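Everything below concerns the one structure shown next.
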Amino acid sequence: MNPGQPPKQPIPGVKHVIAVASGKGGVGKSTVAANLALALRMTGQAVGLMDADIYGPSVPIMFGLGTVDPQTTPFPLHKHGLRLMSMGFMVDPNQAVIWRGPKVAQAVQAFLNQIPWGPLDYLIIDLPPGTGDAQLTLSQSAPLTGAVIVTTPQDVSLIDARKGVRMFQEVRVPVLGVIENMSYFVGDDGKRYDIFGAGGGQKLAAEVGVPFLGELPIDPRVAQCGDSGEPIVRKYPDSPVAQAYLALASTVMATAGQSPGEALPEVQL
Amino acid sequence: MPGVVRPVSLKREGDGLKIEWNDGVTTFTTWRQLRANCPCASCIEDRAKPPDPFRVLTPQEVAAGAPEPVQMKPVGFYAYQITWNDGHSTGIYPVDKLRQLSKEIQ
């Protein structure tokens, strides 16, 4: 926490703040965050999605949005019934955000505190990979209900996801569970192929003592939908992947109600 | 989070801090002890250096006298940030560290 940084306080009108994280990049955090947010929306919740990946924002492309003029367009933006905020709404996609850590912390802080999010049942935060500035700022200044850890089945992903879980445990943010993405592929022959191995997510969840939230199968339409601005949960709600996301949403709703992070008492000086 | 030791109340008592914990234990530690174990990066670095016998106290340190907190605020769900009377405020004390730096009292 930087000196002078505002203390952790509830985000006005937001009931639950859920971080979607992983130590590793490329496991599908943004895809999971976008689809989870939409799945929650489809169950009738008021949902926001905050893209905390300052260097590599994905929310604009996944929702078919581009840059806007902040002078004329108020944030958060609205699409598919969600309220959205991303660095990608302000910076041209061809331009790199070349910032040191403190600026990232500042941007995350501004997204949390200066965007009129409420009223919302859930604010989903799509985190960048790693256990650095964005994650720490969030743990210190957002009243997180919990974190969902995304991994893929292979060891090279699990090793980093484990670090992600450890970080949240260290800063005492409840880990709602581990979700395994790209778990398997069902071929035209109806057979299941474990392309990246099997059982990794379950193994990690058991090892760190958190619930296993399920497996998300590989479906080429996930990527197509993401690129075309309408995530799969909305475009093909009957597909097995969408069904898995809807199941994830109900688990998240059930666990979020039970495990709020416990605020520390004030000191009497 | 079940099974995690956390403070129930923290109170200034004399020259230190009395903490009641959720496992029924009450502990005490002096401000001096907390200041001497500040977990911020620059204090850790200073402690790793050999002591400088010719170090001159800054006017602020002289004016401050014995370490006293001006403010102590919760940070997230896991730590407290102390602002000291000499202006130093970058130390964030995780709850586990506070427990480790404290002694059990009756």
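Within region B:55-76, is even one residue away from every other protein chain (no Cβ under 14 Å), outside any loop (DSSP other than H, G, I, E, B), surrounded by 11 or more Cβ atoms within 10 Å (Cβ to Cβ) and among the basic types (Lys, Arg)?
No, because not a single residue in region B:55-76 is away from every other protein chain (no Cβ under 14 Å), outside any loop (DSSP other than H, G, I, E, B), surrounded by 11 or more Cβ atoms within 10 Å (Cβ to Cβ) and among the basic types (Lys, Arg).
Return yes or no: is residue A:177 surrounded by fewer than 24 Cβ atoms within 10 Å (Cβ to Cβ) and assigned to a strand (DSSP E or B)?
For residue A:177, the condition - surrounded by fewer than 24 Cβ atoms within 10 Å (Cβ to Cβ) and assigned to a strand (DSSP E or B) - is met.
May I ask you to list the residues in region A:128-151 that are within 15 Å of residue A:165 (Cβ to Cβ) and either more than 14 Å from every other protein chain (Cβ to nearest Cβ) or in a loop (DSSP other than H, G, I, E, B) (or both)?
Across region A:128-151, the qualifying residues are A:129, A:130, A:131, A:144, A:148, A:149, A:150, A:151.
Which of the residues that make up region A:74-86 are in contact with a Phe, Trp or Tyr (Cβ under 8 Å, 6 or more places away or on another chain) and not aromatic (Phe, Trp, Tyr)?
A:76, A:77, A:79, A:80, A:82, A:83, A:84, A:85
Filter region B:1-26 down to the residues that are of a type outside the set (D, E, K, R) and under 13 Å from the mean Cα position of the chain (by Cα), then identify the one that is farthest from the other protein chains (Cβ to nearest Cβ).
So the residue we want is B:16.
Please list, ordered by residue number, the strands (runs of 3 or more DSSP E) wholly in region A:7-80 having 3 or more residues that are crowded, with 22+ Cβ neighbours inside 10 Å.
A:14-21, A:47-51
Of everything in region A:219-240, what is buried (at least 19 other Cβ atoms within 10 Å of the Cβ), over 17 Å from the mean Cα position of the chain (by Cα) and within 28 Å of residue A:162 (Cβ to Cβ)? Give them in sequence order.
A:219
Name every residue in region B:30-54 that is under 24 Å from residue A:170 (Cα atoms), surrounded by 18 or more Cβ atoms within 10 Å (Cβ to Cβ) and within 13 Å of another protein chain (Cβ to nearest Cβ), in order of residue number.
B:34
Could you list, in sequence order, all residues of region A:223-259 that are closer than 20 Å to residue A:81 by Cα and part of a loop (DSSP other than H, G, I, E, B)?
Residues satisfying the conditions are A:229, A:230, A:231, A:236, A:237, A:238.
Of the numbered conditions (1) within 18 Å of the chain's Cα centre (by Cα); (2) assigned to a loop (DSSP other than H, G, I, E, B), residue A:262 fails exactly one; give the number of that condition.
(1)
Name every residue in region A:122-162 that is on the phi > 0 side of the Ramachandran plot and at pLDDT 95 or above, in order of residue number.
none
Does any residue of region B:80-95 turn out to be assigned to a loop (DSSP other than H, G, I, E, B) and more than 13 Å from chain A (Cβ to nearest Cβ)? Please lay out each step first, then the result.
Initial filter on region B:80-95 (assigned to a loop (DSSP other than H, G, I, E, B)): B:85-91.
Then drop every residue that is not more than 13 Å from chain A (Cβ to nearest Cβ), which leaves B:86.
Among the residues of region B:80-95, at least one is assigned to a loop (DSSP other than H, G, I, E, B) and more than 13 Å from chain A (Cβ to nearest Cβ), which makes the answer yes.
The values are calculated or read from the model by the stated rules, or taken from the named source; none is laboratory data. If you're wondering where the values come from, they're calculated on a predicted model, not measured in any experiment. When we count neighbours, we look across all protein chains shown, and the Cβ atoms used for this are built from the backbone with ideal geometry, even at glycine.
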